[in-house]
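The values are calculated or read from the model by the stated rules, or taken from the named source; none is laboratory data. Remember, predicted model here, so these are calculated numbers, not experimental data. Neighbour counts are summed over all protein chains in view; Cβ atoms, including those assigned to glycine, are modelled from backbone coordinates with ideal geometry. Note: accessible area is taken over every heavy atom of the protein model, side chains too, but ligands, DNA and RNA are not part of it. Shrake-Rupley method; radii C 1.70, N 1.55, O 1.52, S 1.80 Å.
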Amino acid sequence: MCGFTGFIGEVNNASTVLENMMNQILHRGPDSGGKFNEGPANLGFRRLSIIDLAHGSQPLYNEDESLVLTFNGEIYNFQTIRDDLLTKGHIFKTNTDSEVLIHGYEEYGTDLVKKLRGMFAFVIWDRKNEKLFAARDHFGIKPFYYAQMNGTLFFGSEIKSFLPHPNFTKELNKQALKPYLTFQYPVLNETFFKGVYKLPAAHFMTYENGKLNVERYWEPTYNAEERPLEKIIEDIDDVVRESVAAHTIADVKVGSFLSSGVDSSYVASVLRPDKTFTVGFSAENFSEIDNAVELSKELGIENVNEILNPDECFGDLGKIQYMMDEPHSNPSIVPLYFLARLARQHVTVVLSGEGADELFGGYDEYTDTPNMKKFKSMPAPARALASIAAAIMPNSKIGGLVKRAKMPVEQSFIGQARIFEEDESAAILQADYNNAPSVADIVNPYYKKFQGHDDVTKKQLLDLNLWLVDDILLKADKMSMAHSIELRVPLLDREVMDVAATVPTRYRVNDENTKYAFRKAAGEALPEAWANRKKIGFPVPIRHWLRDEKYVSHVRAMFSSDAAAEFFDRDKILALLDSHVSGTTNSQRKIWSIYMFLVWHNEYFVKQ
């Protein structure tokens, strides 16, 4: 796990400029650094040593040094690829997983990425042909950003690394704010920095003679295979155990994050690390520490835990948003930041449970709510009467229920968060920020590709393309790397996906439970109570914080600022805050989303 940055283009004092860019991502690789400067090409690297500690420095070269590599991530099947390359005559200088990429590109060309199992973002520069090849892993576990401006191509693990370059123009992308207010994360391919883009998951990029080309090389899909449930459970358990084993390859200490949920519990029970790590809050129902301690004792391992201080959490929001590169209002980024800090005091690598919900159908939103189930099970005459009542009272609870029941999934589901409705965000935004892609503009291209699948599968596929990449995995990478710790996700793996893709929908989500078959498989390693626990997530007491004047005063000051007036109708967002503080409404997530954007903007556009 490391970080890289670089650019293709002419600039005075290129080596010094690159060094300044590398310093922006020192947290990603505090162990060592390296750089390549030749003509228009400038590649910089920061290393966190994990495998082959003595010989893994980058940039790496092939035999005749015609190719140069910088790479962030881990390749879990590198030994198999290495063996094949050795038989074909390639000469290796190190035992790192990194080196298979450069020899693999020589041998397989762009088909290399189809052979890889792992989390990765990398760049290879062809010195002879002055051609760049770059790629991002299948699920988007590792970030990759790029930009073309002022005659220069920028690329790197974090946007902040572009800022010191004299040819980089820092400008806010006005179209990004409105969708963010609905989705809670930066959902557009163009980031909050105008002209800076994410290389999407499962894509590679080439750059030659000033021309940029981006192509998709893989796509998640589902093709259910009918077989006995017992066989499905066995297949899941086998692939999870194999994946956990593959993800433990390291020459440093490995631990595991542990909540009370089935995913991290399953990973920890298979891994059996020396230590698991958990954080929580002292407020009632906002801690999973007791459950984590109990399971750790049952597994015979140590749980290292910490009760978080709300003052410190609130005080570090600026650091957190700075590390995220773009505004992000999922409250769980806060405890995740401190969890990574805690774990880094003991280990260099941690395993976590991300990915199982999307692959195996773990979210409650994949099934109908109890009220929706009741409505759909009503006799036709009763549903007709309810529809009449809904027409008379469209804004009532029954009106909303009937409206949602009649909506196709393509209109009702956009992912695991829906903070502001589009008319609500339009009402509080200044005119310049209302000209943005609609929710339909964002989700419809994906839904068109999912035609022919059932609604549950459509929801999973949408989450795999949007929510997982730009919310779950983005915060996992940025919050772990903020503390120089490598986070691995063994449940989000190509081999695991191959098994998940064959599970029939009724064994993913049914009336008994979400993630049904996966939970049964987890029961092979866990006590039944843990295998069947409902998903809690990272509980964060923002509702309490936003009714405590000690914290509300900071929010109110930000909402009242001139900076806020640039984006929002200040009277309206202050009224939203006051209504929540008084208890008239519960607008915690809306307030938090606005506040996190303003905190982020302060870090990148006011302070700098």
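What to note about this one:
- Where a residue in region 235-252 is over 19 Å from Glu354 (Cβ atoms) and its partner, wherever it lies, is polar (S, T, N, Q) and open to solvent by less than 50 Å² (accessible area, probe 1.4 Å), with Cβ under 6 Å and at least six apart: Val252/Thr348
- Of all residues in region 483-494, none are among the hydroxyl-bearing types (Ser, Thr, Tyr), in contact (Cβ under 8 Å) with a residue 12 or more places away in the chain and open to solvent by 20 Å² or more (accessible area, probe 1.4 Å).
- Filter result (within 23 Å of Leu188 (Cβ to Cβ), in a helix (DSSP H, G or I) and not polar (S, T, N, Q)) within region 318-332: Ile320, Tyr322, Met323, Met324
- If you check Ser425, Ser480 for being over 21 Å from the mean Cα position of the chain (by Cα), touching a residue at least 12 places away in the same chain (Cβ under 8 Å) and on the phi < 0 side of the Ramachandran plot, only one passes: Ser425.
- Matching option when the condition is touching a residue at least 24 places away in the same chain (Cβ under 8 Å), crowded, with 23+ Cβ neighbours inside 10 Å and over 25 Å from Asp290 (Cβ atoms), among Lys459, Lys515: Lys459
- The residue pairs whose first member lies in region 129-147 and is over 12 Å from Asp477 (Cβ atoms) and in contact (Cβ under 8 Å) with a residue 60 or more places away in the chain, whose second member is assigned to a loop (DSSP other than H, G, I, E, B) and open to solvent by 10 Å² or more (accessible area, probe 1.4 Å), and whose beta carbons are closer than 7 Å, counting only pairs six or more residues apart or on different chains, are His138/Ala201; His138/Trp218.
One line per residue, one yes/no per condition, for (1) crowded, with 21+ Cβ neighbours inside 10 Å; (2) in a helix (DSSP H, G or I):
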site	(1), (2)
Asn12	no, no
Gly44	yes, no
Asp64	no, no
Gln79	no, yes
Leu86	no, yes
Thr94	no, no
Gly104	yes, yes
Tyr108	no, yes
Asp111	no, yes
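- Considering only residues in region 396-418 that are farther than 20 Å from Lys590 by Cα and of a type in the set (S, T, N, Q), the one that is modelled with the highest pLDDT turns out to be Gln411.
- Between Trp600, Trp592, Trp530, the distinction of being in contact (Cβ under 8 Å) with a residue 12 or more places away in the chain, outside any loop (DSSP other than H, G, I, E, B) and under 30 Å from Phe120 (Cα atoms) belongs to Trp600 only.
- Any hit, region 26-33, residues being buried (at least 24 other Cβ atoms within 10 Å of the Cβ), modelled with pLDDT of 95 or more and either within 18 Å of Leu163 (Cβ to Cβ) or not charged (D, E, K, R) (or both): no
- Filter pass, Lys448 being open to solvent by 30 Å² or more (accessible area, probe 1.4 Å), in a helix (DSSP H, G or I), on the phi < 0 side of the Ramachandran plot and at pLDDT below 95: no
- Residue, farthest from Ala531 (Cα to Cα), within region 246-276, restricted to residues that are of a type in the set (A, V, I, L, M) and either in a helix (DSSP H, G or I) or open to solvent by less than 10 Å² (accessible area, probe 1.4 Å) (or both): Ala246
- Out of His554, His544, sole residue that is over 30 Å from Asn435 (Cβ atoms), at pLDDT 95 or above and part of a helix (DSSP H, G or I): His554
- The residue of region 277-317 that is modelled with the highest pLDDT, among those that are open to solvent by less than 10 Å² (accessible area, probe 1.4 Å) and assigned to a helix (DSSP H, G or I), is Leu317.
- Residues that are touching a strand residue (DSSP E or B) at 6+ places or on another chain (Cβ under 7 Å) and surrounded by fewer than 24 Cβ atoms within 10 Å (Cβ to Cβ) within region 335-361 comprise Phe338, Leu342, His346, Val347, Thr348, listed in sequence order.
- Qualifying residue in region 171-185 (condition: in contact with an Asp or Glu (Cβ under 8 Å, 6 or more places away or on another chain), of a type in the set (Lys, Arg), open to solvent by less than 10 Å² (accessible area, probe 1.4 Å) and more than 24 Å from Thr16 (Cα to Cα)): no
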